[in-house]
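Some notes on the structure that comes next.
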Amino acid sequence: MAGNLFIVATPIGNLGDITSRASKTLAEVDKIYAEDTRVTLKLLAHLGITKPLISLHDHNEAERVAGIIAELMAGMNLALVSDAGTPLISDPGYRLVRAVAEAGLRVTPIPGVSALISALSAAGLPTDRFSFEGFLPAKSSARRAALEVLSRETQTLVFYESSHRIADLLEDMACVFPERELVIARELTKLYEQFYRGTAGALARQIKSDADMRRGELVVMVGGVPERVENTESNTIDTVQLMQVLLAENLSVKQVAKIAAQLTGQPKNQLYRQALGLAGSATEE
Ligand code: SAM
């Protein structure tokens with residue numbers, strides 16, 4: 001019988017966040033593939049587990065895939081872990097999981113911590129819809145361009161960022177959307193865990209004098225642009241008002257319908273009939 005590939009989430013700082021299912025899985029598999037074996041060795045030592053550990057990172061993932069599929073087909077049970085949090089979330093593993101699934105073999109998630117969900121859960125920003133953007137480009141021009149694309153997004157945006165680029169990111173955010181509400185989650189689950197809240201502009205100013213904000217691991221969240229409430233009834237009122245103004249300027253019904261159709265996107269024929277009615281009632285008054 002073919003083996004199972006377990007995708008095991010590990011803590012993002014506080015070792016107490018390992019789940020009992022994750023510990024059990026790591027203790028029972030035949031082999032563990034890890035992003036950095038030195039990091040995982042420390043976790044295994046904490047859990048009292050000794051296991052063959054093999055590296056799997058961005059630079060060797062493609063060449064590891066065939067061997068892992070062969071091991072699974074031979075009946076071995078394997079685990080994939082990253083340095084922290086959930087594998088594949090801004091971490092290696094995507095090519096492996098895809099290939100294993102395509103080979104018809106089982107992939108089982110062993111869920112646990114992820115920095116993005118932990119950050120969102122305590123940020124106080126809307127969480128009904130959010131977009132995880134991972135890391136933005138390192139170069140300022142590309143980063144600003146990416147922010148411009150996202151500047152009309154109505155969902156909460158979630159970014160990962162490193163401490164040595166956070167000041168530049170806030171500077172760019174302050175330029176692209178200075179008034180948007182931001183929450184920065186720093187050092188989640190660790191001793192110096194902290195949340196910073198304010199507009200992009202205010203936090204960009206604060207970081208210049210607050211060295212702590214430039215230390216440790218960070219998740220940056222941005223509240224979305226408030227959604228416009230589209231209401232058919234109020235659209236109708238707006239269109240009617242618009243056409244009344246145009247008729248009062250002595251434009252013909254045909255011209256009024258044409259302009260109103262261009263401005264509102266509503267069908268010209270329908271607006272023509274409406275404008276005709278309005279012109280008629282205006283004449284009767
Ligand atoms: N796979 C991980 C997860 O599930 O969250 C993310 C790995 S990604 C390479 C590392 C980034 O995650 C960091 O640069 C930071 O943005 C975020 N991160 C990880 N641990 C964190 C923590 N304890 N506090 C805040 N952000 C953290």
A 1.4 Å probe over the protein heavy atoms gives the chain a carbon and sulfur accessible-area percentage of 52 percent
Per residue, in Å², the accessible surface of the chain once ligands and nucleic acids are set aside, probe 1.4 Å
54 Å²
Expected vector for the stretch 81-90, Karplus 3J(HN,Hα) from phi with 6.51, -1.76, 1.60 and θ = phi - 60°, integer Hz, x for Gly and Pro, equals 10, 10, 5, 7, x, 8, x, 6, 8, 6
Spatially proximal lysines relative to Lys254 (Cα-Cα < 19 Å; intrachain offsets below 8 disregarded):
Lys268
Taking the full set of protein chains and a 1.4 angstrom probe, give the accessible area of Ser140 in square angstrom, rounded to the nearest 10.
60 Å²
Test of the criteria: in the stretch 22-66, which GluC sites (Glu not before Pro) are in a DSSP loop and have at most 11 other Cβ atoms within 10 angstrom of their Cβ?
none
Filtered hits (aspartates and glutamates, Cα-Cα < 16 Å from Lys139, offset >= 8 within chain) -> Glu148, Glu161, Asp168, Glu171, Asp172
Taking a ≥ b ≥ c as the square roots of the Cα gyration tensor eigenvalues, with a/c under 1.5 meaning rounded and otherwise prolate when a/b beats b/c or oblate if not, the chain comes out prolate
Can you order the peptides 100-113, 193-206, 73-86 by their average number of other Cβ atoms within 10 Å per residue, highest first?
73-86, 193-206, 100-113
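The values are calculated or read from the model by the stated rules, or taken from the named source; none is laboratory data. Predicted model only: the values in this text are computed from it and were never measured. Here Cβ is always computed from backbone atoms with ideal geometry, including for glycine, and neighbour counts include all displayed protein chains. Heads up: the accessible areas ignore ligands, DNA and RNA and are worked out on the full protein's heavy atoms, side chains in. Shrake-Rupley method; radii C 1.70, N 1.55, O 1.52, S 1.80 Å.
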